[in-house]
1. Inside region A:27-80, counting only helices (runs of 4 or more DSSP H) that do not spill past its ends, which hold 2 or more residues that are of a type in the set (G, A, S)?
2. If we keep just the residues of region B:5-36 that are assigned to a loop (DSSP other than H, G, I, E, B) and within 22 Å of A:Y186 (Cβ to Cβ), which is most open to solvent (accessible area, probe 1.4 Å)?
3. Restricting to region A:345-397, and then to whatever is facing chain B (nearest Cβ under 10 Å) and not in a helix (DSSP H, G or I), can you tell me which residue is farthest from A:R423 (Cα to Cα)?
4. Please list, ordered by residue number, the strands (runs of 3 or more DSSP E) wholly in region B:234-301 having 1 or more residues that are open to solvent by less than 40 Å² (accessible area, probe 1.4 Å) and touching a residue at least 12 places away in the same chain (Cβ under 8 Å).
5. Would you be able to say whether some residue in region B:83-96 is under 23 Å from B:Q21 (Cβ atoms), of a type outside the set (A, V, I, L, M, F, W, C) and modelled with pLDDT of 95 or more?
6. What pairs come out if I take residues in region B:163-185 that are in the same structural domain as B:C198 (by TED's automatic domain parsing) and within 15 Å of B:I135 (Cα to Cα) and pair them with residues that are assigned to a strand (DSSP E or B) and open to solvent by 70 Å² or more (accessible area, probe 1.4 Å) whose C-beta lies under 8 Å away, six or more apart or interchain?
7. Could you please give the count of residues in region B:203-224 that are within 30 Å of B:T454 (Cα to Cα), open to solvent by 20 Å² or more (accessible area, probe 1.4 Å) and either assigned to a helix (DSSP H, G or I) or in contact (Cβ under 8 Å) with a residue 60 or more places away in the chain (or both)?
8. Do the conditions hold for B:Q110, that is, is it more than 15 Å from ligand 4 (Cβ to nearest atom) and more than 12 Å from every other protein chain (Cβ to nearest Cβ)?
Amino acid sequence: MERILTRWLDIPDIRRLDVYEANGGYQALRKALFDMKPEEIINEVKNSNLRGRGGAAFPTGTKWSFIPKDSKKPVYLCCNADESEPGTFANRYQLEFDPHQVLEGILIACRAVNAHVAYMYFRGEFTHQKRTVEGAIAEARAKGYIGKNIMGSGFDVEIYTHRGAGAYICGEETGLLESLEGKRAYPRNRPPFPAIQGAFGCPTVVNNVETLSNVPWIIKKGADWYRSIGPEKSPGPKLFCLSGHVNKPGLYELPMGFPLKDLIYDVGGGISDGRKLKAVIPGGASFPPFTAEEAEKVMMDFDSVRAAGSLMGTAGVMVMHDDTCMVDVLRTIAHFFHHESCGQCTPCREGCGWIEKLMIDMEAGRGKVSDLDVMLNVASNMEGNTICVLADSLAMPTRGFITKFRSEFEDHVRLGRCPFRDRDGRLAPPAHAAYQEGDHA
Amino acid sequence: MPKLTIDGKEIEVADGLNLIQAADQAGIEIPHYCYHPGLSIVGNCRMCLVEVEKAPKLQIACNTRVAEGMVVHTRSARTRTAQKAVLEFLLINHPIDCPVCDQAGECKLQDYYMDYDQQPSRFSLGKKNKKGKAIDIGSDVMLDQERCILCARCTRFFDEITHTSELAIFGRGDHNVIDHWPGKPINNKYAVNVVDICPVGALTEKDFRFRMRVWYLHRTPSVCAGCERGCSIDIHHHRGRVYRYKPRHNPDVNGYWMCDEGRHSFVALQSESRLTTPLFQSGDRMAAEGWQPALERAAARIMEIGRTSGANAIGAVIGAQATNEEAYALKRLVKTTIGSDRIAGLCWSPPDASGDDNLLIRANKNPNLRGLEALGISPQNLDQLSASVAAGQLKMLIVLRADLVRALGEQEFLKRFGALDYMLVLDTDANETGQMANQLWPIAAFPEIDGSFTNFKGRVQRLQSAFAPPGQALSAVEVIARLGRQLDGNERVGSAEAVFAEMAAEEPAFKGLSFGGLGPHGRDLVA
Ligand SMILES: Cc1cc2nc3c(=O)[nH]c(=O)nc-3n(C[C@H](O)[C@H](O)[C@H](O)COP(=O)(O)O)c2cc1C
Ligand code: SF4
Ligand code: SF4
Ligand code: SF4
Ligand code: FES
């Protein structure tokens, strides 16, 4: 497959405007400004079946069509560059190595929803990426792609950059909007939806960096071309963040619907240390894991992963071999969500900490078998009952790990310690040279 | 007017209501913490989750508007599971120190636990998070961060009502705490409202802390006498003592709030200087006597002065602290029974008192100026009155709730009123004017009064007596009735209700109003 989202691998300097232009850059924007009406842009994106890459897989064209056509208030576009999901590292490369592709996507989206102001919300740690993008914005402005009367079309767009302070919840779209407005990133109740009342009370579209990067290609090559890549309902090129116990972890651009097995064994070079696969989380930390057996059969697109009982989320694929303690993994995940819950909703604020506390005991061999049922019940009391889906993001893996690897939890209780550690709580002597004692700690 | 069904009850309610309000109209309680009708909706506590048919997830009732044909279940198995879950979650890090918590007895954690949960926690006690306790956060407010359920009512109050944002949530997740900004404790004239709206014992009032268990308190609806706004309040009292005032919702006067000054105004009324028996001047001191001799003494003086100098030698000064009924009763006594038209009002606020603001507080600290004016008792007449004293035409003054000496200053008072032969003062305390009186009669203070005030916008509101006045003190209306009978032998009903009925019949401004008809929110003056 031709590379689309990772062209810097073929064209090293594509982050520079002249190189980007020489490779067809900003032609899609020209088309969108001069040859297409906003309605036509939205329809093209709708027909492409592009779905959001930020985690929720919502159809992008449909999201844009929710913006009121005759809004008396200004319309805003927010590019979500908060990328904080564990095991997820696609946007950071895109921003660093091909910023103009993101900017072109933003500008076309602005034209589609008639926004004249776009905000880019960067994760707190993305200082370098933000600087790169700001350089690209300056270049593009000098060439008349950003600012007043873009390319002589009469259409204006201003792009502002904003860096968060490093909380995961700032990536949730309404938390992002609150943070952008200068408040605590407390996600908002919906309704009202951002399309009606988003940033500063005005209609707003929030899209992920990767989502927007697909847009220039859809405009340039058409929806039919786009739909021909991967499955019809969940098409397009996709960035997979492969991490964990594989020989070649990294960022890979592959068509949607790529077999998970091939991702791990061919692209990823197989399981590290010659070990066997035990589990894979297909979409960051927020979703149930697949067992090795399940992983054999799954195709990596939104609908197939869902049908197999998990969600593809950000396509942060985390691979775990058979020397991995599933109890410790769930404890780590619980620690993450406990640490990152904004604390607004009672079930999430209290439930995440409760599960983590039980998991600390469980991993240390102090747990009880009945704790497993308590955790399953706590998870179900959290799920679907909160303002945003962070609560679900711990509930789902909790249920997934406990039901799929229950015997491992029971082993901890029976032995009174972690079977993967020695009696003093240190990791068992490494079966493989690369593994250092204390890595789990 | 959408029709909807809640727990099988079909109801029709106004458009735009949320499900908590709609259910309330059907007599169904949907438990809630963060929702407060006077504040914006944040939907964070999740206590109000209910099942709405056709919605896949449970919905928060506070953020769900009624819609035609909606079918809601507030007691279904799914709803109950969610309610129990939220309560269990809320309590896992809660200290449960009810025995030493002032909120106990009026705590929504206790109440809902009893109503909706009643199950032992599955969380082990040793693992609770520790946070700050008994923190002085400024004004009259104490904070216990461990008891806080992070409903954000207090922060919303300061954000949305006073627009001063003194409190905020700091930290993240279950380490979130309420606090003030570093180095900036609360300094706000409305601060104690956050104590009222805090659903648990996280915010308590310094003044009230550890003074009384709330289940001993009786509540009497009344009106704050702190300024001419006249906020609706509940008087919380026990055995003849006021322990606190709480604002009572009145959409036409004060909304859900009151100011801290008004809230603490009862303290002065319970001072040790309260009068408990009628006094009269005997040589250079005041001596006590019973009501009958006191009434006879006053009546004799009135008749004598009337005989020698004419009825117009007797006048009255009525403070804008008096109720409509008291003012009307004394006006009628002076005009009709005695036959004088020398009546003036007194309206005075301490010079250091707080000024008007754009929320509730009024610079005029007199609760019934508008009522006096409606009865034609004008403070402007005071100069005329003192001129007639100087001219030797006015010899005796009946002074009701009007501390002339304090208002005018002693020198000025003596210059203007020093030539009086006789002064009969009706008041609650032996104030400076009372100390110059020939007779000083003890009357009921605000928590003890039945009657009404007319606020500066013309709203006539009911005051209700919470308990009897101390000692032999009587309601001013009763005292005036007795004095009237002493003068002309006619029996009078000394009740506020009877006086109000007469006032409504006689006074154009009060036409058509009735005491009972004032209701909890009051009624507007006719003109
Ligand atoms: C807790 C939480 C964190 C999220 N973090 C991110 C993020 O870092 N980046 C992102 O693009 N979307 C994130 N999302 C998803 C956004 O809410 C939103 O769905 C997305 O930005 C929409 O863009 P898309 O339609 O292009 O996918 C997060 C969602 C949740 C619930
Ligand atoms: S679910 Fe959790 S993270 Fe999301 S708003 Fe509620 S408390 Fe915050
Ligand atoms: S807040 Fe309520 S439940 Fe908590 S300690 Fe006080 S009275 Fe008890
Ligand atoms: S202090 Fe009280 S009102 Fe404020 S957030 Fe906590 S529980 Fe709510
Ligand atoms: S009252 Fe509805 S969520 Fe708190």
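The values are calculated or read from the model by the stated rules, or taken from the named source; none is laboratory data. Predicted, not measured: the structure shown is a model, and the values here were computed from it. Heads up, the Cβs are rebuilt from the backbone with ideal geometry, glycines too, and the neighbour counts pull from every protein chain shown. Side chains included, ligands, DNA and RNA excluded: accessible areas come from the protein's heavy atoms. Shrake-Rupley method; radii C 1.70, N 1.55, O 1.52, S 1.80 Å.
1. Working: elements: A:27-34, A:38-48, A:60-65.
Here the list reads A:27-34, A:60-65.
2. Step one: filter region B:5-36 for residues assigned to a loop (DSSP other than H, G, I, E, B), giving B:7-8, B:13-17, B:26-36.
Retained after the next criterion (residues that are within 22 Å of A:Y186 (Cβ to Cβ)): B:32-36.
Values: B:H32: 47, B:Y33: 0, B:C34: 3, B:Y35: 19, B:H36: 20 Å².
Looking at residues that are assigned to a loop (DSSP other than H, G, I, E, B) and within 22 Å of A:Y186 (Cβ to Cβ), I get B:H32.
3. A:I387
4. On the way: elements: B:241-247, B:279-282, B:285-288.
Per the criteria, B:241-247, B:279-282.
5. Checked region B:83-96: at least one residue is under 23 Å from B:Q21 (Cβ atoms), of a type outside the set (A, V, I, L, M, F, W, C) and modelled with pLDDT of 95 or more.
6. B:P185/B:D136
7. 3
8. Numbers: more than 15 Å from ligand 4 (Cβ to nearest atom): no; more than 12 Å from every other protein chain (Cβ to nearest Cβ): yes.
Spelling it out, it is not the case that B:Q110 is more than 15 Å from ligand 4 (Cβ to nearest atom) and more than 12 Å from every other protein chain (Cβ to nearest Cβ).
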